[in-house]
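So the structure is just underneath, and the comments pick up after that.
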Amino acid sequence: MSRLAACTIHDGVAVVTIDNPPVNALGARLRGDLFAVLSEVVASPEVAAIVLTGSGRNFVAGADISEIGRPPVEPTVTSIIELIEDCERPTIAAINGNALGGGLELAMACHYRVATPEARLGLPEVRLGLLPGAGGTQRLPRLVGAAAALDMIVTGSEIGARKASGIGLVDALSEGDLMREAIALAQARAAENGSHVAVRYREDKIAAAKRDLAGFEAHRDALLSKRRGLRAPQLAALSVGNALTLPFDDALAAERGFFLELASSDESKALRHLFFAEREAAKLDGVTKEAARAVRRVGIVGAGTMGRGIAMAFLNAGMPVALAETDEEALAKAIEAISASYAALVRRGSLSEEEASARRGNLSGSVSYDMFADCDLVIEAVFEDMALKKTIFAALAAATPAGTILATNTSWLDVNEIAAATDRPQDVLGLHFFSPAHVMKLLEIVRGERTSPAALATALKLARRIGKVPVVVGVGYGFVGNRMLAARNAELERLMLEGAMPTQIDRAFRDFGWPMGPFEMTDLAGLDVGWRNRRAHGKTAPVADALCEMGRFGQKTGRGFHLYPDGSRKGVPDPEVEKLIRTMAEEAGIAPRAVSFAEILERTHYPMVNAGAQVVEEGIARRAADIDVVWVNGYGFPAWKGGPMFWARKEGLSRIERFLARQFEATGSEHFRPSPMLPLLAASD
Ligand code: T1G
């Protein structure tokens, strides 16, 4: 079996190349091979210097995440780092691509770092509920200073090589042949016969930080204030602070302790689950990346809120967009609105005028579908009317060549029925974006019965290109997300009549970890949206309908479930709403009572999990983990809880099933009928 690390000698310089596809993750086998190769190199008197590099697009993407939480297998990343750091001959990291987590920690064990301009460097461990566990919290501040180290480690954000060079993380950028330049640097350093100071012994930036401890603490507190309740950022910041107050080895030992605590935490297990779940959700049997077609230009039908957001999602990825509306005025208004959005970003300094101009230049519009003739994908984003959609798809099929993918942004309707309106259902699928479409990460790719593998492969590749997290789902009322949302909200009206006011319910959701509660969300989206939907399907929601009859549509009218005084976006309780609810409860003969947060969460989240089990049972979602990806990326389910189905396992599937059975027995409500799939979710992925 070939080694995953190899050494070649170039005029006294040992070049050690890591080759562990796909991302050079530091799994146990690679660590063993790398340690063995480095041990041989270090022991060789002919070696004057060492260059460490990676193969492919990654230097090293970090530890093997699938191994975290298991008993450590020697040699560890730390053992390799110590081997490199103890070498007195010059060591150079030739950073050919992503140097992340343990990969950057490995690079910081070297005396010097040379990088290609395209290389990305970072310590993203907090995104996995961890902190750098191989000395990153101690070496990074010694290279870039405590403040920059806090920014990178507490946020987990990566930086480009140019910025890394500017802050002292990288010693040189290689605009040409990285290996030739790295070897030349190694030879030059070796020829100096000088001492090469390991990063662990560099104290000047630590001393500078010690002179402004108050500034460090203020910076730390500001970063943590946006991450309340999360353990990993807290410990990461604490560990960086130790670099200023503890001897190196003591701080390293503390970092190791923090790492082990976090690796076994629920928060990290949930985030590591999502890391792999997101990648699994984009895989389909029989659909290979190679089957994807090129998408050079995208057409969009409908320039309302969703159409504009979808257009911006593609424009932001540098793709040309052709936008169609029914009349010139509506089209002009939409194009102006998109331009205004970019102008606002330029004013805020988050977009350059040059980039804004490029995006505006990529946008064209027409009232005719003729412009779609050279589009490789056309997305319909008109309102939810099946007859209208079928008419549009028939016209699109006629206006575009076979192979052009025709996608609907519908969030409820039957994609198979829409596909049947065309003569090429194999080119039809759903691309369900979530509002705001240029912001929300989730993209539900709805697979029709006859959607071709090529169409699916193209949609999956395109999703990643525009920075979306794709989940392939089947055709079914509300697909995955909205189907479960309906179940999660089914008890809300009843809970209010029983005594849980909108403010209390919203607070229960926020305490659980949602960015906002269901009523805050409805007030933001507009009560009239749900009202129109309910009336179209002959459904009622007494309290919400009454509020709509009163013209209380939410933030846009200054009043909804909550009050928004003086146009404020933060709602406050409205006594008028509470009085309305109590009156309706009295008329319904419901005696008000105190409702606990626990009951609110059980009666909303358990039916939601149950609906998730039904969705898996019906094959609309291929696995429970796909549902977690949908909810974290499309609805703001707290990622540190892993998604509704991961959380349900921790909550206890049998406990949930017993609760649902009791409620179904007592109320006969369908959303409480336990799915037979529920107990099987324990090991369904
Ligand atoms: N461990 C295991 N597998 C990994 C992996 C990793 N670190 N990174 C990627 N993969 C797999 C991934 O599951 C997928 O598998 C394939 O590689 C391609 O990934 C000691 C403890 C590097 C920017 O958090 O950010 O170091 O689906 O689709 O889009 O202190 O992968 O093909 O079977 O994402 O080109 C810290 C995580 C770890 C970086 C490349 N490092 N990876 O993106 O490919 S903790 C990270 C990424 C750590 C230290 C601590 C990205 C990428 P499959 P991909 P990509």
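The values are calculated or read from the model by the stated rules, or taken from the named source; none is laboratory data. Source: prediction; values computed, not measured. Here the Cβ positions follow ideal geometry from the backbone for every residue, glycine too, while neighbour counts run over all protein chains shown.
In the list E125, E105, which residue meets the criterion of being among the acidic types (D, E), in contact (Cβ under 8 Å) with a residue 60 or more places away in the chain and within 10 Å of the ligand (Cβ to nearest atom)?
Result of the check over E125, E105: E125.
Residues of the range 635-648 being surrounded by 18 or more Cβ atoms within 10 Å (Cβ to Cβ) and out of contact with any Asp or Glu (no Cβ under 7 Å at 6 or more places or on another chain), which ones?
Selection gives Y635, F637, P638, A639, K641, W647, A648.
I'm checking my understanding of the structure. Among residues of the range 128-180 that are under 24 Å from I84 (Cβ atoms) and of a type in the set (S, T, Y), which one is nearest to the ligand (Cβ to nearest atom)?
T137
If I go through the range 226-268 residue by residue, how many of them are in a helix (DSSP H, G or I) and more than 25 Å from the chain's Cα centre (by Cα)?
Count: 18.
Output yes when any residue across the range 141-152 is closer than 30 Å to L262 by Cα and in contact with a strand residue (DSSP E or B) (Cβ under 8 Å, 6 or more places away or on another chain), and no when none is.
Yes, the range 141-152 contains a residue that is closer than 30 Å to L262 by Cα and in contact with a strand residue (DSSP E or B) (Cβ under 8 Å, 6 or more places away or on another chain).
Surrounded by fewer than 18 Cβ atoms within 10 Å (Cβ to Cβ), within 13 Å of the ligand (Cβ to nearest atom) and not assigned by TED's automatic domain parsing to the domain that holds F383: is that true of R272 in this structure?
Spelling it out, it is not the case that R272 is surrounded by fewer than 18 Cβ atoms within 10 Å (Cβ to Cβ), within 13 Å of the ligand (Cβ to nearest atom) and not assigned by TED's automatic domain parsing to the domain that holds F383.
Going by the conditions given, is L252 within 16 Å of the ligand (Cβ to nearest atom) and touching a Ser or Thr at 6+ places or on another chain (Cβ under 8 Å)?
No, not satisfied.
Can you name the condition, by its number, that L462 falls short on among (1) farther than 22 Å from P542 by Cα; (2) of a type outside the set (V, I, T); (3) in a helix (DSSP H, G or I); (4) over 25 Å from the mean Cα position of the chain (by Cα)?
(4)
Specify the residue that is surrounded by the most Cβ atoms within 10 Å (Cβ to Cβ); the eligible residues are those in the range 411-468 that are of a type in the set (S, T, Y) and at pLDDT 95 or above.
So the residue we want is T451.
Which helices (runs of 4 or more DSSP H) sit wholly inside the range 496-590 and have at least 1 residues that are basic (K, R) and in contact (Cβ under 8 Å) with a residue 40 or more places away in the chain?
Once the helices (runs of 4 or more DSSP H) in the range 496-590 are filtered for at least 1 residues that are basic (K, R) and in contact (Cβ under 8 Å) with a residue 40 or more places away in the chain, what remains is 502-512.
Would you confirm whether or not the range 641-651 contains a residue that is over 30 Å from L130 (Cα atoms) and of a type in the set (A, V, I, L, M)?
no
Can you tell me which residue among Q234, Q187 is surrounded by 11 or more Cβ atoms within 10 Å (Cβ to Cβ), polar (S, T, N, Q) and in contact (Cβ under 8 Å) with a residue 12 or more places away in the chain?
Q187
R120 - would you say it is among the charged types (D, E, K, R) and within 11 Å of the ligand (Cβ to nearest atom)?
Against the criterion (among the charged types (D, E, K, R) and within 11 Å of the ligand (Cβ to nearest atom)), R120 qualifies.
Mind counting the residues in the range 476-497 that are β-branched (V, I, T) and either surrounded by fewer than 20 Cβ atoms within 10 Å (Cβ to Cβ) or in contact with a Pro (Cβ under 7 Å, 6 or more places away or on another chain) (or both)?
Residues that pass the stated criteria total 0.
Quick one: in the range 275-293, which of the residues that are more than 8 Å from the ligand (Cβ to nearest atom) and basic (K, R) is farthest from A454 (Cα to Cα)?
Only one residue tops the list, namely K289.
Go through (1) surrounded by 19 or more Cβ atoms within 10 Å (Cβ to Cβ); (2) more than 19 Å from T583 (Cα to Cα); (3) not small (G, A, S) one by one and return the number of the condition R534 breaks.
With (1) surrounded by 19 or more Cβ atoms within 10 Å (Cβ to Cβ); (2) more than 19 Å from T583 (Cα to Cα); (3) not small (G, A, S) applied to R534, the lone miss is (1).
For the range 498-510, enumerate the residues that are of a type outside the set (S, T, N, Q) and surrounded by fewer than 20 Cβ atoms within 10 Å (Cβ to Cβ).
Passing the criteria: E498, G499, R507, R510.
Name the single residue, out of those in the range 294-318 being within 22 Å of T451 (Cβ to Cβ) and part of a loop (DSSP other than H, G, I, E, B), that is farthest from the ligand (Cβ to nearest atom).
Among residues in the range 294-318 that are within 22 Å of T451 (Cβ to Cβ) and part of a loop (DSSP other than H, G, I, E, B), the one farthest from the ligand (Cβ to nearest atom) is G302.
Just one of the numbered conditions (1) under 18 Å from M152 (Cβ atoms); (2) in contact (Cβ under 8 Å) with a residue 12 or more places away in the chain; (3) out of contact with any helix residue (DSSP H, G or I) (no Cβ under 8 Å at 6 or more places or on another chain) is not true of A222; which one?
Going through (1) under 18 Å from M152 (Cβ atoms); (2) in contact (Cβ under 8 Å) with a residue 12 or more places away in the chain; (3) out of contact with any helix residue (DSSP H, G or I) (no Cβ under 8 Å at 6 or more places or on another chain) one by one, A222 breaks only (2).
Which pairs do you get when a residue that is at pLDDT 95 or above, found in the range 21-38, comes within reach of a residue that is of a type in the set (S, T, N, Q), reach meaning Cβ atoms under 6 angstrom, with the pair 6+ apart or on two chains?
So the pair list comes out as V23/N58; N24/N58; L30/N20.
Tally up the residues in the range 125-182 that are assigned to a loop (DSSP other than H, G, I, E, B), within 29 Å of I9 (Cα to Cα) and among the aliphatic types (A, V, I, L, M), please.
Number of matching residues: 3.
In the range 97-111, what residues are among the hydrophobic types (A, V, I, L, M, F, W, C) and part of a helix (DSSP H, G or I)?
Within the range 97-111, L104, L106, A107, M108 qualify.
Just to be sure, is V114 more than 16 Å from the ligand (Cβ to nearest atom), closer than 30 Å to A214 by Cα and either of a type in the set (F, W, Y) or not in a helix (DSSP H, G or I) (or both)?
Against the criterion (more than 16 Å from the ligand (Cβ to nearest atom), closer than 30 Å to A214 by Cα and either of a type in the set (F, W, Y) or not in a helix (DSSP H, G or I) (or both)), V114 does not qualify.
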